[in-house]
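Working notes, structure below.
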Amino acid sequence: QVQLQESGGGLVQPGGSLRLSCAASGIPGTINAIGWYRQARNTERDMVALINKDETVNYADSAKGRFTISRGTAPNTVHLQMNTLKPEDTGVYYCYVAYRVSTKGWGKTYNHNDLSYWGQGTQVTVSS
């Protein structure tokens, strides 16, 4: 049901640009955050850029000044514009969505369950 459609990865020379896109569908709740994580070779998966429910944005230090995350015109769609790419930006980029599912409990009470979902990943390679 939940689906994250990723696009925009590829091979680019240092100094070049790429734009990643992620479209989320089938989310059974309210999205708290959506964005991108990166996993370089033999490393853990780290946050690159997230946009939150309140429209605040988080960037990895390495992304600040070069990457820009923004919402698309379609619902639950985000873009990551990556400029001045460096070899160290190379890795598999995963779209990430955090969302809250709320169900009715006793009387006026509600139960909230915070969940997350990952895309399949798209390869970004920065090399000459």
Rounded to whole Å, sorted largest first: equivalent-ellipsoid semi-axes of segment 13-75, Cα gyration tensor: 22, 14, 13
Nearest-20 debye value, segment 7-116 charge dipole, Cβ charges on Lys, Arg, Asp, Glu: 220 debye
Across 5 Å bins beginning at 0, the whole-percent shares of Cα-Cα pair distances in the chain come to 2, 11, 21, 23, 18, 11, 7, 4, 2, 2, 1, 0, 0
Of all accessible surface on the chain at a 1.4 Å probe, what whole percent is carbon and sulfur? 47 percent
Cα centroid separation, segment 28-55 to segment 79-108 (Å): 3 Å
Averaged per residue, what accessible area in Å² does segment 23-128 show with a 1.4 Å probe, protein chains only? 57 Å²
Pairwise Lys count, the chain - Cα closer than 28 Å, eight or more residues apart or different chains: 4
Just to be sure I follow the definition: excluding the sites themselves, where is the longest run in the chain that has none of the trypsin sites (Lys or Arg not before Pro) in a DSSP loop with at most 12 other Cβ atoms within 10 Å? 65-107
Relative contact order for the chain: what is it in percent, counting Cα pairs under 8 Å that are at least 6 residues apart? 33 percent
Segment 54-126 - Rg over Rh from alpha carbon coordinates, Kirkwood radius: 1.11
Farthest toward the dipole's positive end in segment 5-128, which of 23, 94, 43, given Cβ charges of +1 (Lys, Arg) and -1 (Asp, Glu) about the Cα centre? 23
Residue with peak Gaussian network fluctuation, the chain [Cα springs, cutoff 10 Å], from 91, 65, 107: 107
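The values are calculated or read from the model by the stated rules, or taken from the named source; none is laboratory data. Just so you know, these numbers come straight off a predicted model, no measurement behind them. No Cβ is skipped: glycine too gets one built from the backbone with ideal geometry, and neighbour counts run over all protein chains shown. When the accessible area is computed, the model is the full protein with side chains, heavy atoms only, and any ligands, DNA or RNA have been set aside. Shrake-Rupley method; radii C 1.70, N 1.55, O 1.52, S 1.80 Å.
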